[in-house]
Amino acid sequence: MTKTVYAYAADGKYIGDRTLDDTDRSPISGAWQIPAYMTETQPPAAKEGYDICWRDGKWEQVERPKPEPTPAPPVPDEPTEPYTDPERLAAFEAMAAQEARLITHGERIAALEAALKGGEGK
C-alpha cells in the first residue's frame, strides 16, 4: 500500500508530491510516519505568477517577487581621455626631442662635410 504526501522546502515553498510505501509505516502501530517538511494536505493549483507555500498548517498562494529592472549602463556626458602614464609620456617626449636634435645635427654635419670636400653642395 502507498500514500501520497506533498513536500515543501524549509522556507515552505512547494517542491512536489512524494509516494510513501510500507517502509514509512510504524512497525508497532502501522500508522503512517510522515517525514519532516511533508504534509498529507494536497496543495491547490498555483495561480500565474504565484508560488504555493506551506504556512501555519495550510497552503497559501504567495506572489513571486518581480525581478528588478536591469539598470542601463551610465553614459558619460563627455568623452573621457584615455589614461596616460606620465613617466612613459615623458620618455616618449624625450625620445622625440632627441630625434629632432639628431636630425638638426645630421644636417649640420652634412653641411660641414660638404664644405670640407670643397663645396660640393654649392
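For this structure, a couple of remarks:
- First in the stretch 56-85 and under 27 Å from residue 7 (Cβ atoms), second anywhere and surrounded by 10 or more Cβ atoms within 10 Å (Cβ to Cβ) and of a type in the set (Phe, Trp, Tyr), Cβ under 8 Å, 6 or more apart: 59/14; 60/54; 61/50; 62/50; 63/50; 64/50
- Being surrounded by 10 or more Cβ atoms within 10 Å (Cβ to Cβ) and free of Cβ contacts under 8 Å to residues at least 40 places away in the same chain is a description that does not apply to residue 13.
- Within the stretch 57-64, one or more residues are acidic (Asp, Glu), loosely packed, with under 10 Cβ neighbours inside 10 Å and under 35 Å from the mean Cα position of the chain (by Cα).
- Search result, residues across the stretch 1-34 that are aromatic (Phe, Trp, Tyr) and in contact with an Asp or Glu (Cβ under 8 Å, 6 or more places away or on another chain): 6, 14, 32
No value in this document is a laboratory result; all are computed from the given coordinates. Owing to the predicted nature of the structure, the values given are computational and were not obtained by experimental measurement. A quick note on method: Cβ atoms are made from the backbone with ideal geometry, for glycine too, and the neighbour counts reach across all protein chains shown.
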